[in-house]
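I have a structure I would like to understand better, so I am pasting it below and will then ask my questions one at a time.
The values are calculated or read from the model by the stated rules, or taken from the named source; none is laboratory data. Note that the coordinates shown come from a computational prediction; the quantities given were computed from them, not determined experimentally. Cβ sites come from the backbone with ideal geometry, for glycine too, and all protein chains shown count toward neighbours.
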Amino acid sequence: MVRSLKYSYGTGPDMDRPRSSINASWQTLIERHDIPARIARDGSFIISADDINAVREARLMAKFDEARAVPPILVQYGIQILPISRGQYILGPFETYQTLDYPRAHPQPIRIPHLDTLNPHDIHSEAEALLFLAQSGVWNEVFGATQVHNTLQGRRASGQFDYTIRRTDGTNQHISVDNAQIEIDAGYETTDAVFLCEAKNRHVSELHLRQLYYPFRFIRGRTNKPIYPIAVVYSNQTFYISCYRVAVEGEYNSLVLDRRFCYTLDPQTVSASMVARARALHQPPDPTRYTQVPFPQADNFALLCRLCEALAQRPLSSADITAFIGYAPRQTAYYTSAGRALDVIERHRDDGMLTYRLTPFGRRMMQAPLHTQRFLLMEAMMNIPCFYELIPILLQQRSVPARSEIIRTMTEHPYLSANTEVTIHRRASTVEHWLTWFVRSIDIWDT
């Protein structure tokens, strides 16, 4: 069984269009309504769903759960979008996202319920992840209660409320909401509190605060109990749970992290001594290999791991991968090349169409428990000369080597010597990010 998540890429004409068409559609709206000038004059601009639908479906044009998904034209003008009613949105230079930090401590093993119809290694969606948590008893520990009642789920009208939001210039703006559509992945009530969950079945780097704050204001009118918005991320057989409190009810940007929890389906660990033994037995890599495979330039190693999870389900075209990672097509080339450098991803032609799939090593890795996946990726890094040389330094100082040390090591290799100083620094950034993942993936420092 492949122990990974399954992803749906969607079907139909809207999902098949490249992300750039959303950008082009916003370009049309910006020009048609002179949006930047009106924001500069009035501070914000209200646009109707009908106006958006005249160009492209508003549902696709107005929901960007991560900052990296925001169309470049909106980024260029510093514009964010928020719903204020079922048929209207407000545009302005708002601070709508908050970084999601992940705990570095080794996750606790989760109690796996023995139920025939609930397979812990076949979790497909956010809803199934939440079902598994409920049956595992995790909520009793997180909520500090013996009786936990699942009371909410699905779409609602938000009701009416006002709030202030922080603008990028440091000022605040007042916003009124009148029955905007919200979605609650799950709501729970105990004797003492209410908990509202926003779930993700993939690793994310930030939260769109709307997904936590709007449900909070919706429920605030129904109960006097404390309300805790919760972000649940399920990725790589691990549940990351961040519990927040709203410090000031009427302030959009006032979510404060209260508690964090981390649970894993794989209780096994990776130790520094295991890595040191593997490095000692590893043959020095052949640097000439990188005349055929580009040196990695993909900073987000967790995203590369998620791409492997997706490829464990089926081969993907370049367009599929671009839609999955949410970046520009150029980044697709970077991430597939990074996978090729690690020998986990390979190119394949199927009926004349170029696709990407897992290598035999990649398939074996994705069928392994999580700790084995991490260890195999560490060994794969040792096949790249500069990583082979930097890993002993990392193990000795128990941290990522200094950027100067990374650049010095990289410049010693002939396959990088022809590159400019700018390229060396850009590639050194990837090395630094990958080694950061490496350090965080070692559970026990016993060397």
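For the condition touching a strand residue (DSSP E or B) at 6+ places or on another chain (Cβ under 6 Å), at pLDDT 95 or above, of a type in the set (A, V, I, L, M, F, W, C) and in the same structural domain as residue 214 (by TED's automatic domain parsing), what is the one hit in 256, 248, 233?
Criteria check complete, one pass: 256.
When you scan the stretch 126-143, do you find a residue that is in a loop (DSSP other than H, G, I, E, B), at pLDDT 85 or above, surrounded by 14 or more Cβ atoms within 10 Å (Cβ to Cβ) and out of contact with any Ser or Thr (no Cβ under 6 Å at 6 or more places or on another chain), even just one?
No, the stretch 126-143 has no match at all.
For the stretch 25-60, what are the residues that are without any contact (Cβ under 8 Å) to a residue 24 or more places away in the chain and part of a helix (DSSP H, G or I)?
Within the stretch 25-60, 31, 32, 33, 37, 38, 40, 41, 42, 51, 53, 59 meet the criteria.
Within the stretch 67-77, is even one residue assigned to a loop (DSSP other than H, G, I, E, B) and at pLDDT below 95?
The answer is yes; a qualifying residue exists.
Condition (residue is at pLDDT 90 or above, under 17 Å from the mean Cα position of the chain (by Cα) and closer than 13 Å to residue 434 by Cβ) applied to the stretch 304-321: is it met by at least one residue?
yes
Given the criteria in a loop (DSSP other than H, G, I, E, B) and either in contact (Cβ under 8 Å) with a residue 40 or more places away in the chain or in contact with a helix residue (DSSP H, G or I) (Cβ under 7 Å, 6 or more places away or on another chain) (or both), does residue 117 qualify?
Criteria not met by residue 117.
Something else now. Regarding the stretch 383-398, can at least one residue be identified that is on the phi > 0 side of the Ramachandran plot and in the same structural domain as residue 289 (by TED's automatic domain parsing)? So that I can check it myself, show each step before the final result.
Keep residues of the stretch 383-398 that are on the phi > 0 side of the Ramachandran plot, which gives 398.
Then drop every residue that is not in the same structural domain as residue 289 (by TED's automatic domain parsing), which leaves 398.
Yes: one or more hits.
If you don't mind, there's one more thing I want to ask. Looking at (1) touching a Cys at 6+ places or on another chain (Cβ under 9 Å); (2) over 28 Å from residue 168 (Cα atoms); (3) not polar (S, T, N, Q), which one does residue 230 not meet, given that it meets all the others?
Condition (2) is where residue 230 drops out.
Residue 275 versus (1) free of Cβ contacts under 8 Å to residues at least 12 places away in the same chain; (2) in a helix (DSSP H, G or I); (3) β-branched (Val, Ile, Thr): which is the lone unmet condition?
If we test residue 275 against (1) free of Cβ contacts under 8 Å to residues at least 12 places away in the same chain; (2) in a helix (DSSP H, G or I); (3) β-branched (Val, Ile, Thr), just (1) comes out false.
Considering only residues that are modelled with pLDDT of 90 or more and under 21 Å from the mean Cα position of the chain (by Cα), look in the stretch 259-284 and name the one that is surrounded by the fewest Cβ atoms within 10 Å (Cβ to Cβ).
Checking each candidate, the answer is 259.
Return the pairs, sorted by first residue and then second, in which the second residue is in a loop (DSSP other than H, G, I, E, B) and surrounded by fewer than 17 Cβ atoms within 10 Å (Cβ to Cβ), the first residue lies in the stretch 281-301 and is touching a residue at least 60 places away in the same chain (Cβ under 8 Å), the beta carbons are less than 6 Å apart, and the residues are 6+ apart or on different chains.
Partner pairs satisfying both residue conditions: 287/413.
Consider only pairs whose beta carbons are under 8 Å apart and that are at least six residues apart or on different chains; among these, list those whose first residue lies in the stretch 200-215 and is within 14 Å of residue 256 (Cα to Cα) and free of Cβ contacts under 8 Å to residues at least 60 places away in the same chain and whose second residue is among the small types (Gly, Ala, Ser) and outside any loop (DSSP other than H, G, I, E, B).
Qualifying pairs under 8 Å: 212/231.
Within the bounds of the stretch 349-365, is there any residue that is in contact with a Phe, Trp or Tyr (Cβ under 8 Å, 6 or more places away or on another chain) and more than 22 Å from residue 430 (Cα to Cα)?
No: the stretch 349-365 contains no residue that is in contact with a Phe, Trp or Tyr (Cβ under 8 Å, 6 or more places away or on another chain) and more than 22 Å from residue 430 (Cα to Cα).
Go through the stretch 339-370 and give me each residue that's within 19 Å of the chain's Cα centre (by Cα) and modelled with pLDDT of 95 or more.
If the condition is that a residue be within 19 Å of the chain's Cα centre (by Cα) and modelled with pLDDT of 95 or more, then 339 is the only one that fits.
Additional query: I'm checking my understanding of the structure. Among residues of the stretch 214-258 that are closer than 24 Å to residue 156 by Cα and among the charged types (D, E, K, R), which one is surrounded by the most Cβ atoms within 10 Å (Cβ to Cβ)?
217
Being closer than 26 Å to residue 321 by Cα and among the hydrophobic types (A, V, I, L, M, F, W, C) narrows it down to one residue among 390, 358, 394; which is it?
When all the criteria are applied, what remains is 358.
Under the condition of being among the small types (Gly, Ala, Ser) and buried (at least 16 other Cβ atoms within 10 Å of the Cβ), which residue from the stretch 329-361 is nearest to residue 313 (Cα to Cα)?
Within the stretch 329-361, the match that is nearest to residue 313 (Cα to Cα) is 339.
Of the residues 113, 107, 71, only one is farther than 22 Å from residue 184 by Cα and exposed (fewer than 15 other Cβ atoms within 10 Å of the Cβ); which?
Criteria check complete, one pass: 113.
Restricting the search to the stretch 285-299, which residues are of a type outside the set (D, E, K, R) and at pLDDT below 90? Spell out how you get there, then give the answer.
Filtering the stretch 285-299 down to residues of a type outside the set (D, E, K, R) leaves 285, 287-288, 290-298.
Those that are of a type outside the set (D, E, K, R) and at pLDDT below 90: 285, 287, 288, 290, 291, 292, 293, 294, 295, 296, 297.
Let me ask another. Evaluate the stretch 201-209: report whether one residue or more is of a type in the set (A, V, I, L, M) and part of a helix (DSSP H, G or I).
Looking for residues that are of a type in the set (A, V, I, L, M) and part of a helix (DSSP H, G or I), one finds none in the stretch 201-209, hence no.
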